[in-house]
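The values are calculated or read from the model by the stated rules, or taken from the named source; none is laboratory data. Here the structure is a predicted model, which means the values were calculated and not measured. Note that each Cβ is placed from the backbone with ideal geometry, even for glycine, and that neighbours are counted across all protein chains shown. We work out accessible area using only protein heavy atoms, side chains counted, and drop any ligands, DNA or RNA first. Shrake-Rupley method; radii C 1.70, N 1.55, O 1.52, S 1.80 Å.
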Amino acid sequence: MGSSGGSSGSGGGRARRPAETVGAAVLTVIFGAAAITSFPSTATAAPSPSPSHAGGNEADAMSVVAAYEEAFAEADCDLFVTATTTAYRERIGLTDCEVFAQSAAGRAQVLDSLEVTPISASGTGRGTIAARVHTEARSYIDENGQPVATPVSLEADYRYHLVRADGAWKLDAVHDVTGGRTEGQLTADEKQAVARTMADWSVAYSSGDCAALEASTTAGYRELMAWTDCPAFEQYISDQNAYCPMDVHPEDIRFRTNVDPHVGEIIVDVVEVCTLEVDEFGAPLDPPYEAGAPYRYHLVDEDGTWRIAEGENGAAAEDEPSNANERAAIETMRAYNDAWLGVDCDAYLAATTASFRTALNTSGCAAFGPASRSYSESVANFALTPTDIERPSAKTFEIKSHETYDSLTGADGQVMDAPIPVDEFWVYTLVLVDGTWVITDVVMLL
């Protein structure tokens, strides 16, 4: 739950991926998600899918993988749709049969042959299976994404995620796990490299340091942002700081193993923090007002250095609860905020621990009533989106939320002429008490 008043900043604007990175990304989609045929086959013909060495649902999962790859080998759109979820087709950009046929034809031109070996298949939760395979291909595009006259040998490992939907197993995601990489995780060297890049970017973004900008971003990103020379960037940051000085706080960093146009990138989700030390009339704010806005950076590898190649607003995608405990924890968060908005002390008491209420100076209804009435009168159009659900222990949840609302009053508590939209990140800590999830801490991400 955010406080009323203030404003939020947003970073850099949305920029598409620079042209120099597109070739490798397209190769990964063609050769990654769409390159594997049956067990084994060539790019131009596919035998009937072979069963996996595993039994039960695992064998069914491998059969779906084989059917999916046969669909590409035979350019069979109906089979492709049958073997995949709608979300997966949208994620890889193959939403209709015409586009699918073009992708299948493109793959046939790239591959001379491909052999797939099932490695393992196992359940990963209720109604989900992960199937791992090893691929050996002869390709007319080499490991660097460059066309070659003579096919080269390439090997890769992929992990297929399948879900049970409409009475059948369907492919929902494909991850590139070549080299033993764990899905979504960075290597130690990558962590260090990203830390250096984000440190340079933070300096550039807060102070207008052009050398730090060039060290942390691609030329394509700077061009798309109209930062074509140092004076242009310095003026941008100067104008931004005159309105509201900004800083970058990384919150979540992961490697994009999921095969789609962004595979192979490092994704850095941040909160960009705007700090206001004076109000609109120049009077000091004590304490200064801070508000965070979500932003996402896409980093690509340029000759061994990870640099920002793309940025996007609204990065806080919803993390859907997947089981009863997660759903109960999210409902507690919603009940807590509804209690503040609806001046409902009973709901507030039910959703929180005594220690948390004491820390907020609202330990009882006598204190909560006036505080919640003041809050509810200052806020409109409140919305909460859970963005990251983590369960560090059996009895603890840590859940990030992206919260937006219109602030109706200023720092002095007076109604403003026009509402100010507020955009914030918070993290809730919930614990299990007598079988019920209750909130023990809420902290703004700054």
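Tabulated data
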{"quantity": "D (Stokes-Einstein, µm²/s), Kirkwood Cα radius, the range 156-213, 0.692 mPa s at 37 °C", "calculated": "224 µm²/s"}
{"quantity": "Rg to Rh, two decimals, where the range 78-191 supplies the alpha carbon set and Rh follows Kirkwood", "calculated": "0.99"}
{"quantity": "Overall Cα dimensions of the range 170-282 - principal axes, largest extent first, Å", "calculated": "58, 30, 29"}
{"quantity": "Reference-scaled alpha-carbon Rg (2.2 N^0.38 Å with N residues) for the range 386-435", "calculated": "1.67"}
{"quantity": "Trypsin sites (Lys or Arg not before Pro) within the range 348-446: DSSP coil, no more than 13 neighbouring Cβ in 10 Å", "calculated": "K395"}
{"quantity": "Cα centroid of the range 70-147 to Cα centroid of the range 354-432, whole Å", "calculated": "44 Å"}
{"quantity": "Backbone HN-Hα couplings from phi across the range 296-310 [Karplus 6.51/-1.76/1.60, Hz, Gly and Pro as x]", "calculated": "10, 10, 10, 9, 10, 8, 10, 6, x, 10, 7, 10, 5, 10, 7"}
{"quantity": "Computed E for E390/A195 - FRET, C-beta separation, R0 22 angstrom, nearest 0.05", "calculated": "0.55"}
{"quantity": "Heavy-atom accessible surface of the range 253-393: percent carbon and sulfur, 1.4 Å", "calculated": "48 percent"}
{"quantity": "Contact order relative to length of the range 380-446, as percent, for alpha carbon pairs under 8 angstrom and 6 or more apart", "calculated": "27 percent"}
{"quantity": "Two-site FRET efficiency, A418 against N323, from Cβ-Cβ distance with R₀ of 51 Å, rounded to 0.05", "calculated": "0.75"}
{"quantity": "Förster radius 60 Å - calculated FRET efficiency between V433 and A232, Cβ distance, rounded to 0.05", "calculated": "0.60"}
{"quantity": "Highest average packing first - 171-177, 362-368, Cβ atoms within 10 Å", "calculated": "171-177, 362-368"}
{"quantity": "Histogram of C-alpha separations across the range 110-169, 5 Å bin width, %", "calculated": "4, 17, 19, 15, 13, 12, 10, 7, 2, 0"}
{"quantity": "Longest to shortest principal axis, alpha-carbon extents of the range 287-446, angstrom", "calculated": "62, 47, 26"}
{"quantity": "Fully extended contour minus Cα-Cα distance, from A59 to A359, at 0.36 nm per residue", "calculated": "102.6 nm"}
{"quantity": "In nm, spacing of pseudo-spin labels at D441 and E136 (7 Å Cα→C-beta vector)", "calculated": "5.2 nm"}
{"quantity": "Relative contact order, percent, the range 195-334 [alpha-carbon distance under 8 Å, six or more residues apart]", "calculated": "18 percent"}
{"quantity": "Proximal aspartates and glutamates relative to K395, as straight alpha-carbon distance under 19 Å, when same-chain residues fewer than 8 apart are discounted", "calculated": "E326, E331, D434, D441"}
